[in-house]
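Okay, so here's the structure we're looking at.
The values are calculated or read from the model by the stated rules, or taken from the named source; none is laboratory data. Quick caveat: nothing in here was measured; it's all calculated off a predicted structure. Ideal geometry is used to build each Cβ from the backbone, glycine not excepted, and the neighbour counts take in all protein chains shown. Heads up: the accessible areas ignore ligands, DNA and RNA and are worked out on the full protein's heavy atoms, side chains in. Shrake-Rupley method; radii C 1.70, N 1.55, O 1.52, S 1.80 Å.
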Amino acid sequence: MDRWGGSKHLSQIGIVKAVGGVAFPGHPLGAKKEELEKLAGYWPDLAKSRAEAKRLLAEAGVPNLKFSLSNRAIDQPYTIVGTWLIDQWRQIGVTVEQQMSPTGPFYAKLRGSDFDVTMDFNCQSVVNPLLDIGKFLSADKGNESYGGYTDREVDKLFQDMNATDDEAQQRKLMRAFEKRVLDDQAHSLITLWWNRIIPHRSYVKGWKISPSHYLNQDLANVWLDK
């Protein structure tokens, strides 16, 4: 999929923008552009990437693969990103039917592994990649890890990362973790990271933007200068 082009165009209609790996883009532990471009699916040569995808599908015996995408019936950004994904998959010969469900049934399918492929999200209160990547651990280890897989190498990389305070070593282990999850084993894929746009009137006072929409929900100090 064309993440780099998708970032440019989807950011104009959806609350997504940054291309990244498993760690928050721009964080010291996040992948740089040149590191991302080494991962399958992030190659800057889109024609080469799609040709390789078709080759792999043929090699797997499913050149005309079909599956259902379970998605949350909310416009931003789920419907927009899901529709984009379907078009991207179509360009390598994959046919996808999108099944939109209200939040309750959607979560029931997610937690019950009742899906072929599903949309998921990794939204925390603060940015902390060393904990945030718990989403990608084995099903019996991870916090809300819905992939249904067991990968002890991933679990070990996570433990080693959190057992050292050497940032250079953490970064090295993060890249190994990222490559295994997104490339070598392809347990999951990252679409685009959210981009928060918070408009408010000039007469709204006392409100400050936070790193997450889970924070700063107390309106006690917010007032209208009007």
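Details
- Taking first residues from the range 210-226 that are open to solvent by 100 Å² or more (accessible area, probe 1.4 Å) and partners that are at pLDDT 75 or above, the Cβ contacts under 7 Å between residues at least 6 apart in sequence or on separate chains come to Tyr214/Ser125; Asn221/Gly206; Trp223/Lys205; Trp223/Gly206; Leu224/Tyr203; Leu224/Val204; Lys226/Tyr203.
- Enumeration of residues in the range 129-186 that are within 30 Å of Lys109 (Cα to Cα), open to solvent by less than 60 Å² (accessible area, probe 1.4 Å) and free of Cβ contacts under 8 Å to residues at least 12 places away in the same chain: Ala139, Gly142, Ser145
- Criterion (closer than 27 Å to Leu215 by Cα, surrounded by 16 or more Cβ atoms within 10 Å (Cβ to Cβ) and β-branched (Val, Ile, Thr)) met by exactly one of Thr118, Thr103: Thr118
- Residue within the range 111-119 that is basic (Lys, Arg), at pLDDT 95 or above and assigned to a helix (DSSP H, G or I) present: no
- Enumeration of residues in the range 68-108 that are closer than 24 Å to Ala47 by Cβ and in contact (Cβ under 8 Å) with a residue 40 or more places away in the chain: Val81, Trp84, Leu85, Gln88, Trp89, Gln91, Ile92
- Of the helices (runs of 4 or more DSSP H) lying entirely inside the range 122-226, those carrying at least 3 residues that are among the aliphatic types (A, V, I, L, M) and more than 30 Å from Asp75 (Cα to Cα) are 152-162, 167-179.
- Within the range 69-100, the set of residues being touching a Lys or Arg at 6+ places or on another chain (Cβ under 7 Å) and either surrounded by 15 or more Cβ atoms within 10 Å (Cβ to Cβ) or under 16 Å from Trp194 (Cβ atoms) (or both) comprises Ser70, Tyr78, Ile92, Gly93.
- Among (1) polar (S, T, N, Q); (2) in contact with a strand residue (DSSP E or B) (Cβ under 8 Å, 6 or more places away or on another chain); (3) assigned to a helix (DSSP H, G or I), the one test that Ser49 misses: (2)
- Scanning the range 8-38 for residues that are in a loop (DSSP other than H, G, I, E, B) and under 11 Å from the mean Cα position of the chain (by Cα), we see that the one that is surrounded by the fewest Cβ atoms within 10 Å (Cβ to Cβ) is Ala18.
- Residue check, Lys109 open to solvent by 30 Å² or more (accessible area, probe 1.4 Å), among the basic types (Lys, Arg) and either in contact with a Phe, Trp or Tyr (Cβ under 7 Å, 6 or more places away or on another chain) or within 25 Å of Pro28 (Cα to Cα) (or both): yes
- The residue of the range 52-68 that is nearest to Glu34 (Cα to Cα), among those that are in a helix (DSSP H, G or I), of a type outside the set (Lys, Arg) and open to solvent by 70 Å² or more (accessible area, probe 1.4 Å), is Leu56.
- For the range 59-71, the count of residues that are of a type in the set (A, V, I, L, M) and closer than 24 Å to His9 by Cβ is at least one.
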